[in-house]
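Values in this text are rule-based calculations from the coordinates and carry no lab data. Note that the structure is a prediction, hence the values are computed from the model and not measured. Reconstructed Cβ throughout: ideal geometry from the backbone, glycine too, with neighbour counts over all protein chains shown.
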Amino acid sequence: MSNLPSLRLHIPVPPARPGDAPSFDHLRLSEAGAVRRPDSAAPEAEMRDLPYDLIRVLDGEGRAVGPWDPKLSPDMLRRGLRAMLATRLFDDRMFRLHRQGKTSFYMKSLGEEAIGVAQSLALGERDMSFPTYRMLGWLMARDYPLIHLVNEIFSNAEDPLKGKQLPILYSARDYGFYSLSGNVGSRFGHAVGWAMASAYKGDDGIAIGYIGEGTTAEGDFHEALTFASVYRAPVILCVTNNQYAISSFSGIAGAEATTFAAKAIAYGLPGLRVDGNDFLAVWAATIWAAERARTNHGATLIELFTYRAAGHSTSDDPTKYRPADEAEHWPLGDPVDRLRQHLIALGEWDEERHAALVAELTETIRAAVKQGEAVGTLGQSKPSVREMFEGVFKEPDWRLIEQRRELGV
Amino acid sequence: MAQMNMIQALNSALDVMLANDPNVLIFGEDVGYFGGVFRVTDGLQKKHGLTRCFDAPISEGGIIATAIGMGAYGLRPVPEIQFADYILPAYDQLVSEAARLRYRSGGEFSAPITVRSPYGGGIFGGQTHSQSPEAVFAHITGLKTVIPSNPYDAKGLLIASIECDDPVIFLEPKRLYNGPFDGRHDRQLRTWAGHAAGEVPEGHYTVPLGKAATVREGKDVTVIAYGTMVHVALGAIEESGIDAELIDLRSIVPLDIDAIVASVERTGRCVIVHEASRFGGFGGELSALVQERCFYRLKSPIERVAGWDTPYPHAFEWDYFVGPARIAAALNRAMEA
């Protein structure tokens, strides 16, 4: 036997479990306005500090500070606030409808609304997003009709996806929203392929792909980064680090050792680590990466540092694995509250207008749900069963035709 | 018409499509400047340009994922997977994404990609250069699986695959690249020179997917095969003296069920031949279909001749590989019963 201590297997455990006091002391955070903003065309080698910082614009008083302030107009800020609130109110309503048995499944974006909304507004109509299932804000920001969402969630006769897909796994090509799937990570490389195609054709659209911090452990993540780097694809690759993969804290995905943004360094790509609950910071980082992509300087990896304030899905109870009050202690606050506070600090918003907006959106959502319920909730209504056999191939082959007849539809 | 082997015919198909359609592009491991380990993309980069035919990282999952993204954009990528044995890292992309994209998006997005990959044995390639994975694709609805058996079909089927709006797995029997191998590895090998199917038009033409070819007409027994086994079966039939009808499926999805049923109804006997291992192989599906549709016309049990249920072994190449003797034995069993 040697004199060395025996080997020990390390299993990461989070700082707090149910019953413990929430603790975020271990997080690497920067002060608002403290991180430098290099030129978007600067060589990657000159920005290897950025993945370890945290780009923030909004300070504790709701002021926009520092070089990343995108200096948005009050109208655009109000538009963002509106879409974020719409997302949150819609989520609430749908979660309750699930509890009433009107659909089979739902997932909320609670606490992450700034990401989809800011990026949707910051990017252009010809750009394509390859979303995760917490990007409803993207569609809300582009005024995707609520009734389409409701019908898809009810899988009813008017479902735009014709009853073929689980609730919330939307597809909306005209709104720059690629088909979602329940397999996490498998569209990350599609974003790169889309961007390569745009470059191949000499077009002007770019792609933005999303993956959760948990899913960065999949090969898809590394494959996409490799291809994005090799071919200098005009793509923004985002890791939405909401701290949880169902019940597993981010340490299980490697967060104890480094940041997710820092994974970019090995691929020679810029890595930005951004406060995902800060509408302005998300916007600013996105525009920076978009500018880099549009000028043929290639891809950027952005870690959007946020917190999943709700459970993973309607099938999850987060109080079983984390302190029940942990969300309230998240040091980067709530994205809706922070943008509201900023608008109020600018003198461009007040509580009265906010309450009126909430009332208006609540009513709009209520009306859309009512309209969807009139078509039918899950099980009350569905597209023609013939539809089940359509779209497997462009034209059904004899198997599908025979099986459709066998079912008698 | 020109005399071509299968490599040249495939190269010609890609050349024609690169010239015809600016949305066609090729990428894969070693396919660019070098022209591919089997030379199928030889000269295409030089002729059509760097962005039309280029090298990819050793990342089958990444190759197929990016191809799907390109396909969704509106391109018609033709990625190459260097050996079908290496396609499994891309299996999730093919099954969960390419095969389902049209369906799950309500038709908003689709993946019109053609994945070329050399497959099959008889080349002393051992476990990792010899496998026949067609059944794992045939089982996945939403994918088409095409397997040519000669230069003429290879070119026409490849063009049809690239023009197809659905994802296609295009498996190239590498043992047939240079000649119509009949399994007699101990005899003088033939090339495609002088073979009727080695006469290949230089321009654009298609061979439709889902249409089998009757390689040999006969009245006693129907032999169903594809890829290299078409030639092995043909050799075995000719030596046996049995008047067998030989059907080359050319694509297993879509499957030409009408050709199979029409033939078996005439002959009343059926022998199914494939290189892949037997259990769970595509022959099981063929056997079930024939039984379901032709049971009362069958005069003898359906025979399956297939690779053994072992990994593909190196030293035992010719003990594993389905050769003429095993096919002849199956033909005799079918006739004697």
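Quick check for you: which residues of segment B:188-212 have the amide N under 20 Å from the point 7 Å beyond the Cα of residue B:123 toward its beta carbon?
Within reach of a label on residue B:123, which here means backbone N under 20 Å from a point 7 Å along Cα→Cβ, segment B:188-212 contributes B:188-193, B:198.
Residue separation times 0.36 nm, minus the C-alpha to C-alpha distance between residue A:8 and residue A:328: what's the value?
111.7 nm
If you plug each phi of segment B:54-60 into the Karplus form 6.51 cos²θ - 1.76 cosθ + 1.60 with θ = phi - 60°, what whole-Hz ³J(HN,Hα) values come out, in order, with x for Gly and Pro?
After applying 6.51 cos²θ - 1.76 cosθ + 1.60, I find 9, 6, 10, x, 6, 7, 4 Hz.
Cross-link candidates for residue B:211: which aspartates and glutamates have Cα within less than 14 Å, leaving aside residues fewer than 8 places away along the same chain?
The qualifying aspartates and glutamates are A:397, B:153, B:248, B:256, B:258.
What ³J(HN,Hα) values, in whole Hz, does the Karplus curve 6.51 cos²θ - 1.76 cosθ + 1.60 give for segment B:252-268 when θ = phi - 60°, with x put for Gly and Pro?
3J(HN,Hα) across segment B:252-268, in whole Hz: 8, 9, x, 9, 7, 5, 5, 5, 5, 5, 4, 6, 5, 5, 6, 8, x.
Write down the Kirkwood hydrodynamic radius of segment A:170-277, to one decimal in angstroms, obtained as one divided by the mean of 1/r over all alpha carbon pairs.
One over the average 1/r among Cα pairs gives 14.5 Å for segment A:170-277.
Let's test the formula: R0 of 25 Å, r as the Cβ-Cβ distance of residue B:21 and residue A:398. What FRET efficiency results, to the nearest 0.05?
Taking R0 as 25 Å, the efficiency between residue B:21 and residue A:398 is 0.30.
Mind jotting down a quarter of the surface of the convex hull over the alpha carbons of segment B:2-200, in square nanometres, one decimal?
10.8 nm²
What number in nm² do you get for chain B if you take the convex hull of its Cα atoms and divide its surface by four?
Result: a mean projected hull area of 16.2 nm².
List the lysines whose alpha-carbon lies under 30 Å from that of residue A:201, not counting same-chain residues fewer than 8 positions away?
Answer for residue A:201, where 30 Å is the Cα cut-off: A:263, A:394, B:46, B:47, B:144, B:155, listed by chain and number.
Can you list which of the trypsin sites (Lys or Arg not before Pro) found in segment A:82-153 are DSSP loop residues with at most 16 other C-beta atoms within 10 Å?
Here the sparse-neighbourhood loop sites are A:126.
Please list the equivalent ellipsoid semi-axes of segment A:13-72, computed as the square roots of five times the alpha-carbon gyration tensor eigenvalues, in descending order and whole angstrom.
So the three semi-axes of segment A:13-72 are 29, 18, 7 Å.
Apply the Karplus curve 6.51 cos²θ - 1.76 cosθ + 1.60, θ = phi - 60°, to the phi angles in segment A:109-124 and return the couplings in whole Hz, x for Gly and Pro.
Result, rounded to whole Hz: 9, 3, x, 10, 5, 5, 5, x, 5, 5, 6, 5, 6, 6, 9, x.
Can you give the calculated 222 nm mean residue ellipticity of chain B, where each DSSP H run of n ≥ 4 adds -39,500 (n - 2.57) and the sum is split over every residue, rounded to the nearest 500 deg cm²/dmol? Provide the component values of the computation, followed by the final result.
Details: 11 runs with 110 residues, N = 337.
Calculated at 222 nm, the ellipticity per residue is -9500 deg cm²/dmol.
Quick check: the distance between the Cα centres of segment B:213-259 and segment A:11-25, to the nearest angstrom?
So the two Cα centres are separated by 67 Å.
Can you tell me the alpha carbon radius of gyration of segment A:79-162 divided by the globular rule-of-thumb value 2.2 N^0.38 Å?
1.08
Distance in nm between label sites at residue B:308 and residue B:199, each 7 Å beyond Cα in the beta-carbon direction?
Distance between the two pseudo-spin positions: 4.3 nm.
When the dipole is taken about the Cα centre of chain A, and only Lys, Arg (+1) and Asp, Glu (-1) are charged at their Cβ, what size is it in debye, to the nearest 20?
Using Cβ point charges on Lys, Arg, Asp and Glu, chain A gives about 800 debye.
How large is the dipole of chain B about the Cα centre if only Lys and Arg carry +1 and Asp and Glu carry -1, each at its Cβ, rounded to the nearest 20 debye?
It works out to roughly 240 debye.
Towards the positive end of the charge dipole of segment B:282-337, with charges on Cβ (+1 Lys, Arg; -1 Asp, Glu), say which of B:311, B:321, B:284 has the farthest Cα.
B:284
Assuming R0 = 45 Å, can you tell me the calculated FRET efficiency for the pair residue A:20 and residue A:266, based on Cβ-Cβ distance, to the nearest 0.05?
0.80
How high is the relative contact order of chain A, in percent, counting Cα pairs under 8 Å that sit 6 or more residues apart? Before the final figure, lay out each step's value.
Numbers: 789 pairs, mean separation 95.7, N = 409.
Answer for chain A is 23 percent.
May I ask which residue of A:385, A:362, B:7 lies farthest towards the positive end of the charge dipole of the protein assembly as shown, with charges of +1 (Lys, Arg) and -1 (Asp, Glu) on Cβ and the Cα centre as origin?
Of the options given, the answer is A:385.
Restricting to the protein assembly as shown, what percent of DSSP beta bridges are antiparallel, rounded to 5? Kindly include the intermediate steps, with their values, before the conclusion.
Numbers: 11 of 64 bridges.
Of all bridge pairs located within the protein assembly as shown, approximately 15 percent are antiparallel.
Rounded to the nearest 20 Debye, what is the dipole magnitude of segment B:213-336 about its Cα centre when Lys and Arg each give +1 and Asp and Glu each give -1 at the C-beta?
280 debye
In deg cm²/dmol and to the nearest 500, what is the mean residue ellipticity at 222 nm of chain A if only DSSP H runs of at least 4 residues count, each as -39500 (n - 2.57), divided by the residue total? Write out the running numbers ahead of the final one.
Working: 10 runs with 139 residues, N = 409.
Here the helix-only value at 222 nm equals -11000 deg cm²/dmol.
Considering the zone a paramagnetic label at residue A:45 would reach in this model (a point 7 Å from Cα along the Cα-to-Cβ line), which residues of segment A:257-285 have amide N under 18 Å from it?
Within reach of a label on residue A:45: A:264-271.
Say the cut-off is 18 Å between C-alpha atoms; which of A:102/A:320; A:102/A:382; A:162/A:382 go over it?
Beyond 18 Å between Cα atoms: A:102/A:320.
Along the positive direction of the dipole of the protein assembly as shown (beta-carbon charges: Lys, Arg +1; Asp, Glu -1; about the Cα centre), which of A:315, B:176, B:263 reaches farthest?
Farthest towards the positive end: B:263.
Counting C-alpha atoms alone, how compact is the protein assembly as shown: give Rg to one decimal and Dmax as a whole number, in angstrom.
So, for the protein assembly as shown, Rg and Dmax equal 29.3, 96 Å respectively.
Given a Förster distance of 35 angstrom, what is the FRET efficiency for residue A:99 paired with residue B:141, based on the Cβ-Cβ distance and rounded to 0.05?
0.50
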